[in-house]
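Okay, so here's the structure we're looking at.
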Amino acid sequence: MASPDPPWADTDAAEDTIVLEWRAVGRFTIRPDHSVKVEPARDAAAALVREFLQGPVAAVRLRQRGLLVLHGSAVTLNGRAVVLCGASGWGKSTLAAALHRRGHPVLADDYAAIRVGVRRPTLYTGPPLLKLWPDSAQVLGLDAAALPRVHPLADKRRVRTRRSPGARSVRLGQVVILAPGSLCKLAPLDPSEALIELLRHSYGARTLAALHPADHFARCAALVRTVPIMRLGAPRSLAQLPRLARLLEEHQA
């Protein structure tokens, strides 16, 4: 999947109009009424355009509607949603897939949309699928060669997942910030660190900086006050996946 920040983007904060553009994919204009004008690139396949509509463009639309959208994956642990946040390549989807293989439903991948401003923040569920690199799929016991590509420009593979039938939103339990290359340890962040990390890992943090920044800051601050924000040290080794999964399970027990 492409980065949450496209090569070119423009935000008209006064009119809430957002324009996103990827040269090989097309131009997407998100209007204030949340409709999207799509202008595909000349040679872009329909499946590729659709993938971006359902991924980055959908995430930006949710941000435009007033949700807090984090760059992360989410699973259910002990009846609550746990969001795994981090930059591209930090292992969010891989860890979510490892937890899924251990029986925990996947709620979202690529982006996690959270309704804040209520007493109990909730996560809106996304499509029942994960996007994994071939080496991650292989470590998890999947046949990467048999899995479809996410789209022609990426080597990531699409993995169907399961979730509770009819679940459109799940109460949020905690947000976990991955710290790749660190010792395997789960620890709470203090409020100031937590706020910085939520701002840092907000979807489209750079390109959407002009879109109601005060409101976005307030949502991040409200989330810090209502759910634990943790940091998970994640060694750069796929062999450590079972250990990381157990650590998260034990904390939610």
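Tally the DSSP beta bridges in the stretch 126-253 and give the antiparallel ones as a percent, rounded to 5.
On the way: 8 of 14 bridges.
The antiparallel proportion sits near 55 percent.
Loop only by DSSP, 16 or fewer other Cβ within 10 Å of the Cβ. Give me the trypsin sites (Lys or Arg not before Pro) in the stretch 210-253 that pass, ordered by residue number. Intermediate results must be reported in sequence, preceding the final value.
Values: sites: Arg219, Arg225, Arg231, Arg236, Arg243, Arg246; in loops: Arg236.
Passing sites in the stretch 210-253 are Arg236.
Normalised radius of gyration for the stretch 42-164, please: alpha carbon Rg relative to 2.2 N^0.38 Å, two decimal places.
1.07
Taking H as built 1.01 Å from N, whose amide H comes closer than 5 Å to the amide H of Leu84, not counting residues under 5 places away?
Ser73, Ala74, Val75, Val176
Excluding ligands and nucleic acids, what accessible area in Å² is computed for His251 using a 1.4 Å probe, to the nearest 10?
Here the residue's solvent-accessible area equals roughly 90 Å².
For Cα Rg over 2.2 N^0.38 Å, the listed values are [x] 1.23; [y] 1.09; [z] 0.98; which was obtained by calculation from the structure presented?
Recomputing Cα Rg over 2.2 N^0.38 Å here gives the entry labelled [z].
Just how many % of Cα pairs in the stretch 190-245 lie over 14 Å apart, if you round to the nearest whole percent?
Considering the stretch 190-245, 61 percent of its Cα-Cα pairs are separated by more than 14 Å.
With both partners inside the chain, how many of the DSSP beta bridges are antiparallel, as a percent to the nearest 5?
Values: 41 of 52 bridges.
Close to 80 percent.
Quick check: the distance between the Cα centres of the stretch 76-139 and the stretch 40-75, to the nearest angstrom?
16 Å
Lysine pairs in the chain 8 or more apart or on different chains: how many have alpha carbons under 17 angstrom apart? If you can, show how the numbers build up before the last one.
Working: Lys92/Lys131; Lys92/Lys156; Lys92/Lys185; Lys131/Lys156.
Close lysine pairs found across the chain: 4.
Under the rule of -39500 (n - 2.57) per DSSP H run of 4 or more residues, summed and divided by the residues of the chain, what mean residue ellipticity at 222 nm is obtained, to the nearest 500 deg cm²/dmol?
That comes out to -7500 deg cm²/dmol.
Suppose a student asked you for the relative contact order of the chain, using Cα pairs under 8 Å spaced at least 6 residues apart; what percent would you report? Present the calculation step by step, with values, prior to reporting the outcome.
Values: 483 pairs, mean separation 51.0, N = 253.
Taking the mean separation of contacting Cα pairs over the length of the chain, I get 20 percent.
If you take the C-alpha gyration tensor of the stretch 142-253, multiply each eigenvalue by 5 and take the square root, what semi-axes do you get, largest first, in whole Å?
After scaling each eigenvalue by five and taking roots: 27, 21, 17 Å.
The values are calculated or read from the model by the stated rules, or taken from the named source; none is laboratory data. Everything numeric in this text was worked out from a predicted model, so none of it was measured. Every residue, glycine among them, receives a Cβ derived from its backbone with ideal geometry; neighbour counts consider all protein chains shown. For accessibility, only protein heavy atoms count, side chains too; no ligands or nucleic acids. Shrake-Rupley method; radii C 1.70, N 1.55, O 1.52, S 1.80 Å.
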